[in-house]
Amino acid sequence: NAGVMQNPRHLVRRRGQEARLRCSPMKGHSHVYWYRQLPEEGLKFMVYLQKENIIDESGMPKERFSAEFPKEGPSILRIQQVVRGDSAAYFCASSPGTDYGYTFGSGTRLTVV
Amino acid sequence: GNSVTQMEGPVTLSEEAFLTINCTYTATGYPSLFWYVQYPGEGLQLLLKATKADDKGSNKGFEATYRKETTSFHLEKGSVQVSDSAVYFCALSPFQGGSEKLVFGKGMKLTVNP
């Protein structure tokens, strides 16, 4: 059973470009969470999704950031018009339900140049 | 609101030394508490957890006890190994037994030398 798969592992974007981060949850997991880790900081919650629904997006910046988890395919975190401050590690986690622990992916390290 | 405060490093120890990483929390209600470990270049792995007061979580020689009276969840290991070198995060979930929307501390980097 493969773990949570995130790709790409590393992503470099120029300021103003779009970044798309993908997360395939573990088999049987219908809950997906996205976290951001800034340098020297702990992880900060961004968004919690179930299939086709955003459950909690209270940690998402109001502009340029969006997330989806379609019926088929991976969850996508999309950052439009990236700025240097978006440089961070973005981690996805999945779980089969709310009373279970998370399994984290290895993260996507975004660098904006 | 909910928050986690943990010892900040970095910390360097010699192999077989005793380890304590302090963690205190602020939360409404009855949170669940977690320790996660992050090895270089990898994602976070759950190390141990406790879901109610006086519970002790343990794994791989690490242990932590949920102390409601001191709002603490300190991580301890009696004898560290080089392979324990990693970043350790304390975290809470506002929901007892659940893990939605974790709140993390800043993490503490541990280096263990032979």
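State yes or no: is B:N22 of a type outside the set (V, I, T) and touching a residue at least 24 places away in the same chain (Cβ under 8 Å)?
yes
List the number of the failed condition for B:F73; all other conditions in (1) buried (at least 21 other Cβ atoms within 10 Å of the Cβ); (2) within 14 Å of another protein chain (Cβ to nearest Cβ); (3) under 12 Å from B:P31 (Cβ atoms) hold.
(2)
If a residue must be at positive phi and in a strand (DSSP E or B), how many such residues does the range B:87-114 contain?
The qualifying residues number 0.
Tell me whether the range A:67-85 contains one or more residues that are away from chain B (no Cβ under 13 Å), under 10 Å from the mean Cα position of the chain (by Cα) and free of Cβ contacts under 8 Å to residues at least 40 places away in the same chain.
Yes: one or more hits.
Restricting to the range B:36-62, count the residues that are on the phi < 0 side of the Ramachandran plot, outside any strand (DSSP E or B) and within 13 Å of another protein chain (Cβ to nearest Cβ).
Within the range B:36-62, residues that are on the phi < 0 side of the Ramachandran plot, outside any strand (DSSP E or B) and within 13 Å of another protein chain (Cβ to nearest Cβ) number 5.
Looking at the range A:16-41 only, could you name the residues that are out of contact with any Leu (no Cβ under 6 Å at 6 or more places or on another chain), farther than 16 Å from B:V87 by Cβ and either within 12 Å of chain B (Cβ to nearest Cβ) or small (G, A, S) (or both)?
Within the range A:16-41, A:G16, A:C23, A:S24, A:G28, A:S30, A:H31, A:Y33 meet the criteria.
With closer than 17 Å to B:K101 by Cα and not in a loop (DSSP other than H, G, I, E, B) as the only criterion, which of A:L49, A:L21 stands out?
Criteria check complete, one pass: A:L49.
Considering each residue of the range B:32-70, count those that are of a type in the set (S, T, Y), in contact (Cβ under 8 Å) with a residue 40 or more places away in the chain and surrounded by 15 or more Cβ atoms within 10 Å (Cβ to Cβ), and give that number.
Looking only at that region, the number is 3.
Provide a single number: the residues in the range A:60-85 that are more than 25 Å from B:V37 (Cβ to Cβ), touching a Phe, Trp or Tyr at 6+ places or on another chain (Cβ under 9 Å) and either crowded, with 17+ Cβ neighbours inside 10 Å or among the basic types (K, R) (or both).
Adding up the residues that qualify gives 4.
Scanning for something modelled with pLDDT of 90 or more, crowded, with 21+ Cβ neighbours inside 10 Å and more than 28 Å from B:K109 (Cβ to Cβ), does the range A:18-29 turn up at least one residue?
Yes; the residues of the range A:18-29 include at least one that is modelled with pLDDT of 90 or more, crowded, with 21+ Cβ neighbours inside 10 Å and more than 28 Å from B:K109 (Cβ to Cβ).
Give me the residue from the range A:52-73 that is in a loop (DSSP other than H, G, I, E, B) and of a type in the set (A, V, I, L, M, F, W, C) and, out of that set, nearest to B:K109 (Cα to Cα).
Ranking the candidates gives A:M60 first.
Inspect the range A:86-98 for any residue being out of contact with any Leu (no Cβ under 6 Å at 6 or more places or on another chain) and without any contact (Cβ under 8 Å) to a residue 12 or more places away in the chain and give the result as yes or no.
no
Could you check the range B:7-64 and list, in sequence order, the residues that are among the aromatic types (F, W, Y), closer than 15 Å to B:V112 by Cα and modelled with pLDDT under 95?
If the condition is that a residue be among the aromatic types (F, W, Y), closer than 15 Å to B:V112 by Cα and modelled with pLDDT under 95, then B:Y39 is the only one that fits.
Of all residues being charged (D, E, K, R) and within 14 Å of another protein chain (Cβ to nearest Cβ) in the range A:86-113, which is surrounded by the most Cβ atoms within 10 Å (Cβ to Cβ)? Just the residue, please.
Within the range A:86-113, the match that is surrounded by the most Cβ atoms within 10 Å (Cβ to Cβ) is A:R109.
Being facing chain A (nearest Cβ under 10 Å), surrounded by 21 or more Cβ atoms within 10 Å (Cβ to Cβ), closer than 28 Å to A:T108 by Cα and without any contact (Cβ under 8 Å) to a residue 60 or more places away in the chain is the requirement here; does B:G107 meet it?
no
The values are calculated or read from the model by the stated rules, or taken from the named source; none is laboratory data. Just so it is clear, the model here is predicted, and its values are computed rather than measured. Here Cβ is always computed from backbone atoms with ideal geometry, including for glycine, and neighbour counts include all displayed protein chains.
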